[in-house]
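Pasting in a structure now, in structure tokens, and then I'll have a few things to ask.
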Amino acid sequence: MINRRDFVKSTAAAGLAAGFPAPALYLPHAVKPVVISDYSGIGFKNGGPRCAVEEAFLRITRGEDVLDALIAGVNIPELDPLETGIGYGALPNADGVVQLDASCMHGPRKRAGAVAAIEGVRTPSLVAKAVADQTDHHLIVGKGAQEFARAIGFTIEADLNTPNSRRLYLEWKRRIDPEHWLDPNRRGQVSLDAGLSMVRDGLIPEGSFYGTINCDGINANGDICGVTTTSGLAWKIPGRAGDSPILGAGLYVDNDVGAAGSTGRGEANLYNLSSFLVVESLRRGMSPKDAGMEALKRIRANTIEKRLLNARGLPNFNIRFFVLNKAGQYAGVSMYAAGEKTFAVCTENGAAELPLEPLLQGEP
């Protein structure tokens, strides 16, 4: 009995002997490594030589595990006290306490981990990876997440505020003086209005108010991973968890298809499970840009509450998606070209800041 390999060899030899060309041998093309991120991935270096996307790309091309490389990248802004939307020095919750969220997904291993409302750890992305590596769980929250981190050797600090984040917190408290609470119909809006007024006054970058860095990457073998880490919405209700630690909302990775992550209004991603939707759109053959736009259109259609609409009847918030497919193609899209208007990418040509493609014109 002849086996398949011998049959192919003999068939090719017979073809050559008869004057026919040998059958073409189709091999998968290697993917060019790529790392993409929101602006935080290129805008902060914490005094070091590289930003997040550069660090991650360097490590990926050296042969490191993709997720390890991405997390080493986002550790840079997590530890940078000037990045007030992530990690150390991030804007605190309504009680003045910094609570952090993070998630990660390892495409080849099909593993994931996340933490929410963790206190006292500067790099929640590393704790999220430990959840994936050392437990049977995907999400550990609050005090339990802190105790898990302590048990595996993380340093727990009493306070992650810096003088800057504390100063901004006290300014926010000043703006929500009790005299502003007279209208019972606006009690749920006063905190948000005060925070957004600080954005308008230039005290807080819009990206820091909503927080978050998402970073996704692919290596030459086509292995895809992703990580998202954040302090969440500034001045949030203590214990609030946004989209970042929830698989399918703030991050989703399928190694056979691609990855997507997001920054902006987390509740919109939670309701629409947006990152999962983006990856499923990639699965159906959409380009990264079109897949991201599909999620933005879904969010726009499902935003119907008056308090979330502007005078034009459109969403009064911004949201962004960073999309990477199995071929190494990528895109950055946003609801509006406002606030942070660019995203970061690193390829063999180095790091670059590229414009986000907006769905809607104008500002929120």
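Just so it is clear, none of the values below were taken in a lab; they were calculated from the coordinates. In this text the structure is predicted, and so the values were computed from the model without any measurement. Heads up, the Cβs are rebuilt from the backbone with ideal geometry, glycines too, and the neighbour counts pull from every protein chain shown.
Cut-off 10 angstrom, C-alpha nodes, Gaussian network model of the chain. Which of Ile156, Ile86, Ile218 fluctuates the most?
Ile156
What's the extension gain from Tyr271 to Arg312 if we count 0.36 nm per residue and subtract their Cα-Cα distance?
Net length gain for the segment: 12.5 nm.
For the pairs Lys32/Lys326; Lys173/Lys236; Lys32/Lys289; Lys297/Lys341; Lys129/Lys297; Lys289/Lys326, flag any whose C-alpha to C-alpha distance is greater than 22 Å.
In this structure, Lys129/Lys297 exceed 22 Å between Cα atoms.
Give me the number: length gained by fully extending Arg300 to Arg174, i.e. 0.36 nm times residue separation minus the C-alpha to C-alpha distance, one decimal in nm.
Stretched out fully, the Arg300 to Arg174 stretch lengthens by 42.0 nm.
Give me the one-decimal nm value for the distance between modelled label points at Asp201 and Ile237, 7 Å along each residue's Cα-to-Cβ direction.
2.6
Let me ask something else about it. State, to one decimal in nm, how far the label point of Gln134 lies from the label point of Arg166, with both points 7 Å from Cα in the Cβ direction.
3.1
Relative contact order, percent, of region 34-360 when contacts are C-alpha pairs under 8 Å separated by at least 6 residues?
Numbers: 813 pairs, mean separation 66.3, N = 327.
Across region 34-360, relative contact order equals 20 percent.
Normalise the Cα radius of gyration of the chain by 2.2 N^0.38 Å (N = residues in it) and let me know the number.
Numbers: Rg = 22.7 Å, N = 364, 2.2 N^0.38 = 20.7 Å.
Relative to the rule-of-thumb radius for its length, the chain sits at 1.10.
In region 233-327, what trypsin sites (Lys or Arg not before Pro) fall in a loop by DSSP, with at most 15 other Cβ atoms inside 10 Å?
Arg284, Arg312
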